[in-house]
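S.K.: Sharing a structure below in structure tokens format, with a few things to ask.
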Amino acid sequence: MMDRKECLKAIARHVTETDIVLPVYSTAFDWIDIRPSPLNYPFHGAMGLASSHALGVALGRPDRRVIVLDGDGSLLMNLGTLVTSAEAAPKNLYHFVMENGTYEANGGHPIPGRGAVSFAGIARSAGHQNVHEFSDLKVFEQQAGAILADPGPVFTCLRIVSSGEQQRDYSRLHGAHVREAFRDALGAK
């Protein structure tokens, strides 16, 4: 099992200034500390919808790489998005799922099917051709760049340990200044 922050740092090393990143829930707070950017589109309060938003952004902005940093509990709320993204097959979509077996943002309650569900298996069954799974940080660090260099859609499941309590200043995710900066950065050529 891996540490989420270390996985995010491995991803961040390969994220460019033009990439759009949609981090969800607990991951959002870690991500904005690791890689602040006006093109971060943090997601909190709409469980399950980040993957759908990422798909829409990827289709609407095929000129930019779109990376969604999802949670296992969040993805369980919207498994249909895997079928839709496989069918639409945007070459610029990269879906990472942090699998810790809990609804971490809601108190650490176990997700249904914890330990039995294969998110990579579901993605493959949904039609995704480029699917990865990792539970070893060193192996993931070695392959993260190649994963983000492949044409999408790419689905990657990262098995992580729960990180527990976090300090959560929601204005860092939802403040008007965050939305304005994202809108301006997205419109920039």
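Rule-based calculations on the coordinates, nothing more; no lab input. For clarity, every value in this text was computed on a predicted model and none was experimentally measured. Cβ coordinates were reconstructed from backbone atoms using ideal geometry, including for glycine residues, and neighbour counts include every protein chain displayed.
S.K.: Take peptides 33-41, 49-57 and line them up by average Cβ neighbours within 10 Å, highest first, as a rough protection proxy. Please report the intermediate quantities before stating the final value.
M.R.: On the way: 33-41: 17.9, 49-57: 21.0.
For the peptides 33-41, 49-57, the packing ranking is 49-57, 33-41.
S.K.: Which aspartates and glutamates have a Cα less than 18 Å from the Cα of residue 138, not counting those fewer than 8 places away in the same chain?
M.R.: 3, 6, 99
S.K.: Hey, with R₀ at 41 Å, roughly what FRET efficiency would residue 179 and residue 142 work out to, going by the Cβ-Cβ distance, to 0.05?
M.R.: Working: r = 36 Å, r/R0 = 0.89.
So, using R0 = 41 Å, E works out to roughly 0.65.
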